[in-house]
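The values are calculated or read from the model by the stated rules, or taken from the named source; none is laboratory data. Predicted, not measured: the structure shown is a model, and the values here were computed from it. As a convention, Cβ positions derive from the backbone with ideal geometry for all residues, glycine included, and neighbour counts pool all protein chains shown. The area values use the complete protein model at the heavy-atom level, side chains included, leaving out ligands, DNA and RNA. Shrake-Rupley method; radii C 1.70, N 1.55, O 1.52, S 1.80 Å.
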Protein chains: 2
Amino acid sequence: MIPLNDIPIIEEGDDIADIVCKSISIRDEDIIIIASTIIAKSEGEFFSLENIKPGNKAIKIANRCNMKPELVQAILDRSNECLIEAPFILVEHKNGSICVNAGVDDSNVESGLYLDLPKDSDRSAREISGRITELTSHNVSVIITDTNGRAFRNGQIAVAVGIANIEPIRDWVGEKDLFGNELQITQEAIADELAAAANLLMGEGNGGTPVIIIRGMNLFSNKKCSVKELYRDNEQDIIRKGLNALKNNS
Amino acid sequence: MIPLNDIPIIEEGDDIADIVCKSISIRDEDIIIIASTIIAKSEGEFFSLENIKPGNKAIKIANRCNMKPELVQAILDRSNECLIEAPFILVEHKNGSICVNAGVDDSNVESGLYLDLPKDSDRSAREISGRITELTSHNVSVIITDTNGRAFRNGQIAVAVGIANIEPIRDWVGEKDLFGNELQITQEAIADELAAAANLLMGEGNGGTPVIIIRGMNLFSNKKCSVKELYRDNEQDIIRKGLNALKNNS
């Protein structure tokens, strides 16, 4: 794992692939882990709360969460479904991921502005991967990360929100254990484990390091990969059913 | 990250600290990541289903999950509460963690036997940390890991189930972002991120590598640390409330 310590503050229009290639000599099969914040900044995903008119639902949730109604309306506008309305807001984002506040954040952004997630993080990852290959002739994988809370456990860890040229799940189906029996644990979410590993070196504050290289894993794939392979099918999601039961009871 | 590739198959009574120290020259502040399976084996936590008499609840759940009633009874015996009864069993283990099948596993164990989690993984981690210091005079941290499914996301990742000499959560409270505003994301579950990182090199099958060293992180702590700091307080756990609502509705 190699942290890139000289990434400047990213602004709209910046070419992140070029910045990465100037910071380190890329090798074949490097995995480039990038915080979603700087992707969103380079893509200009800023917005302000001016001109947002909160509806009744947003006002109700804002009161329960002690948040600005305009911010809650912005969050609802980006969501397919609100799974938890208070004391924090957990939604299914229109991109299919389940996240607090629809990923909207005002950390590391100028005062008064908010930052969205990248519009399509898989596409952003593919573009950066392609551009790095263009610049260096090396094949690389890209994982875009965000930090998430978890069910049952305190603290946040990073997960993948967009990927390119890496299969997000390593499948152990049919593999045998030490005693020749078939393994029961068969799917390892390696894209999330790589995101979590890189986050140990990223930090959150003004000393933040938004790009980490993971070298020597041999995980490059030519397939078209998507982070959506990591999103559980609604119909099978018992925890989601539980949250719906809670909403219907209240 | 350094995988120890020469760890033998562990048997009851084996001294894991001694085996680790013979495999690598330990340095100050090394973080020793160990799969819970080999800790449980060294502590002799095997059991068979003979002599287990399943009760009515176990028989009912066994039918719904297509599992052996004796195995379900063993799982219930190890649990404070059953959160999901089907199509898989999610419980709060008596040790306070939320896990599938109460952590009982028959992978990498002789046919007919099952393996429990270590009785007290924090204590096991402290013992191994203390013994390594005895053998090498170096201060080390220990994290014992298991693989877990997650809410909303496919695939499993490793998490910490026992720790010694490392604070499980890195606190960013009061830290400022790039623009001098206080950070909103304040708690990073680094013990879980370290577990996930190590799992990338562990594998699950018969080529498994159950011990990984993480070097150079400077995270050693003299405080008495516990993995329980990672377990969310029941009262605040909305997802748990949701699962209870679902049970009451059915």
Taking every residue of B:168-175, the Cβ atoms of other protein chains inside 10 Å of its Cβ average out to 3
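Tally up the carbon and sulfur contribution to the accessible surface of the stretch B:1-96 as a whole percent, 1.4 Å probe, everything protein left in place. Intermediate results must be reported in sequence, preceding the final value.
Working: 2100 of 4700 Å².
Answer for the stretch B:1-96: carbon and sulfur cover 45 percent of the accessible area.
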Residues of the stretch A:144-163 losing 50 Å² or more of accessible area relative to the isolated chain, 1.4 Å probe, heavy atoms only?
-> A:F152, A:R153, A:N154, A:Q156, A:I157
Would you kindly give the portion of the calculated P(r) for the stretch A:62-111 that falls above 15 Å, as a percent of all Cα pairs?
-> 41
Using label points projected 7 Å from each Cα along Cα→Cβ, tell me how many nm separate A:S25 and A:D120, to one decimal.
-> 3.6
18 Å reach of a label modelled at A:N63, 7 Å along Cα-to-Cβ, counting backbone N of the stretch A:235-250 | A:250
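Can you check how the C-alpha radius of gyration of the stretch A:1-54 compares to 2.2 N^0.38 Å, as a plain ratio?
Numbers: Rg = 14.8 Å, N = 54, 2.2 N^0.38 = 10.0 Å.
The value comes to 1.48.
Determine the per residue accessible area of the protein assembly as shown with all protein chains present and a 1.4 angstrom probe, expressed in square angstrom.
Per-residue accessible area for the protein assembly as shown comes out at 43 Å².
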Using only protein heavy atoms and a 1.4 Å probe, report how much of A:Y114 is accessible, in Å² to the nearest 10.
-> 20
Kirkwood Rh (inverse of mean 1/r, distinct Cα pairs), the stretch A:95-250, angstrom = 17.9
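Express the carbon and sulfur contribution to the solvent-accessible surface of the stretch A:105-197 as a percent, rounded to the nearest whole number, probe 1.4 angstrom. Provide the component values of the computation, followed by the final result.
Values: 1430 of 3370 Å².
On the stretch A:105-197, the fraction of accessible area on carbon and sulfur atoms equals 43 percent.
With contacts defined as alpha carbon pairs under 8 Å and 6 or more residues apart, what's the relative contact order of the stretch B:73-212 in percent? Don't skip to the end; give the middle numbers.
Values: 205 pairs, mean separation 19.7, N = 140.
Taking the mean separation of contacting Cα pairs over the length of the stretch B:73-212, I get 14 percent.
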Jot down the per residue volume, in cubic angstrom and as a whole number, of the convex hull over the alpha-carbon atoms of the protein assembly as shown.
-> 146
Mind checking which helices in chain A clear 24 Å along their axis (Cα) and have mean Kyte-Doolittle hydropathy of 1.0 or more, DSSP H runs only?
-> none
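Note down, for the stretch A:1-142, the three equivalent ellipsoid semi-axes (square root of 5 times each alpha carbon gyration tensor eigenvalue), biggest first, whole angstrom.
Numbers: eigenvalues 238, 46, 28 Å².
In descending order, the three semi-axes are 34, 15, 12 Å.
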From the P(r) of the stretch A:80-159, can you give the percent of Cα pairs sitting at distances over 16 Å?
-> 63
Among B:S23, B:G44, B:A62, whose Cα sits farthest toward the positive end of the charge dipole of the stretch B:1-88 (+1 at Cβ of Lys/Arg, -1 at Cβ of Asp/Glu, about the Cα centre)?
-> B:A62
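Chain pair B, A: how much accessible area is buried, both chains summed, with a 1.4 Å probe, in Å² to 100?
Protein heavy atoms only, the B-A interface buries about 6500 Å².
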